[in-house]
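**Student:** Take a look at this one; I'll ask things after.
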Amino acid sequence: MKLTRTIKYEADRVKGFGDEVRSVPGCEQLQSCIQCGTCSGVCPLSIYMDLSPRQVMELVRSDFKNEVLKSTTIWLCASCYHCTVECPRQIRITDIMYELKQRAIQEGIYPKHFTIPVLAKEFYKMVYTYGRVTENILAATMFLKTQPLEAFKMWRLGLGLMMRGRFPLKWEKIKRRDELDRMMKVVDQLNIDKLHDEKKKKHHAVAGGHA
C-alpha cells in the first residue's frame, strides 16, 4: 500500500502566493475568512471536491499554492455564486476561484484531460486567433483532447451532421482582425507590467525583511 503524506509543512508553502491573490480586484477580502464553513455547506458540488471551498480559502491565504492549483475543486466550481451570497464576511469566493483557474492555466498546473481547463484554453485560443468562437469546432476539439476514444465512437453521428449541414467545418472570423490583435497585445502588456510590479514588491519586501 502506498502511503501519502497528508500533513503540510512550512517548506511546502510558496511564500507570497496569498498576497498575490489578495491583490487581485475582487479577492481583497480573503484575509477576513473566519473558516465557518458556510461556503462548503451551501456548495452543491462540494461532495465531489477533493478540497472543500473552506479548505481552499485557508490554503490560499496560507501560501499553499501547489496544493490549491493542482486540486480539482477550482474546476468543479459551477459559478453559482451561492457561497458568495451566503458568506458572512462578504468574501467573493467565486471570484477567487476564477483567479485560481487563471493561474493554474497560465502555469500549466491542472489535470491534463480534465474537460473544463481544456475548454477554457481552447476558447481563449480561438477568440485570440479568430475573434469569434466556432462552437462546433470548439466542442469537437475539447472532446478529442479529453476523451479521444469516446469521440471516435461518435464518427457516425458527426458524419451525419456534416452531411446535413449541421456541423460546418468553416471557421467563423471577424473583420478587421488587426484591431483585435492590437487590443489583445495591450491587455497582454498590462498583465506583464502587473507581473513585474508584483515581483518588485516581493523583492522590496524580502530586502526590507533582511535589513
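**Student:** Which one of V118, T141, V186 has its Cα pushed farthest toward the positive end of the charge dipole of the range 115-192, where Lys and Arg give +1 and Asp and Glu give -1 at the Cβ?
**Tutor:** Toward the positive end, the furthest listed residue is T141.
**Student:** So if we plug the beta-carbon distance of N66 and K2 into 1/(1 + (r/R0)^6) with R0 = 22 Å, what FRET efficiency do we get, rounded to 0.05? Kindly include the intermediate steps, with their values, before the conclusion.
**Tutor:** Values: r = 19 Å, r/R0 = 0.88.
Efficiency computed from Cβ-Cβ geometry: 0.70.
**Student:** Something else: Output needed: percent of Cα pairs per 5 Å distance bin for the range 9-131, bins running from 0 to the one holding the longest distance.
**Tutor:** Percent of pairs per bin, in order: 2, 11, 21, 23, 20, 13, 6, 2, 1, 0.
**Student:** Okay, next question. With equal scatterers on the alpha carbons only and no solvent term, can you work out the Debye log10 of I(q)/I(0) for the range 115-192 at 0.16 1/Å?
**Tutor:** The Debye formula, applied to the Cα set alone, gives -0.71.
**Student:** Would you work out the relative contact order for the chain, in percent, from Cα pairs under 8 angstrom that are 6 or more residues apart? Working shown, then result.
**Tutor:** Working: 196 pairs, mean separation 33.4, N = 211.
16 percent.
**Student:** Additional query: Structure shown: which of K101/K175; K121/K145; K112/K185; K121/K173; K70/K101 lie over 22 Å apart, alpha-carbon to alpha-carbon? Could you put the intermediate results ahead of the total?
**Tutor:** Numbers: K101/K175 31 Å; K121/K145 11 Å; K112/K185 27 Å; K121/K173 18 Å; K70/K101 10 Å.
Beyond 22 Å: K101/K175; K112/K185.
**Student:** Another one. What is the magnitude of the charge dipole of the chain about its Cα centre, with +1 placed on the Cβ of each Lys and Arg, -1 on the Cβ of each Asp and Glu, and no other charges, expressed in debye to the nearest 20? Kindly include the intermediate steps, with their values, before the conclusion.
**Tutor:** Values: 35 positive and 24 negative charges, 147 e Å.
Value, rounded to 20: 700 debye.
**Student:** Would you mind telling me which residue in F17, F114, F167 has the biggest mean-square fluctuation in a Gaussian network model of the chain, where springs connect alpha carbons within a distance under 10 angstrom?
**Tutor:** Highest fluctuation among the options: F167.
**Student:** Picking from V118, V127, V68, which is most flexible by a Gaussian network model of the chain using Cα springs under 10 Å?
**Tutor:** Largest GNM mean-square fluctuation: V127.
**Student:** Which label belongs to the value computed from this structure, given these candidates for Cα Rg over 2.2 N^0.38 Å: [x] 1.04; [y] 1.59; [z] 1.23?
**Tutor:** [z]
**Student:** Compute a Gaussian network model of the chain, connecting alpha carbons closer than 10 Å, and tell me which residue from D95, D19, D178 fluctuates the most.
**Tutor:** Among D95, D19, D178, the largest mean-square fluctuation in the Gaussian network model of the chain belongs to D178.
**Student:** Here is a further query. For the range 1-81, report the translational diffusion coefficient in µm²/s to the nearest whole number, using Stokes-Einstein at 20 °C, 1.002 mPa s, and a Kirkwood Rh over Cα pairs. Could the numbers behind the result be given before it?
**Tutor:** Details: Rh = 13.7 Å.
The diffusion coefficient I find is 157 µm²/s.
Read the figures in this text as sums done on the coordinates, not as results from a lab. Being a predicted model, the structure only gives us computed values, none of them experimental. Positions of Cβ are generated from backbone atoms using ideal geometry, with glycine treated the same way; all protein chains shown enter the neighbour counts.
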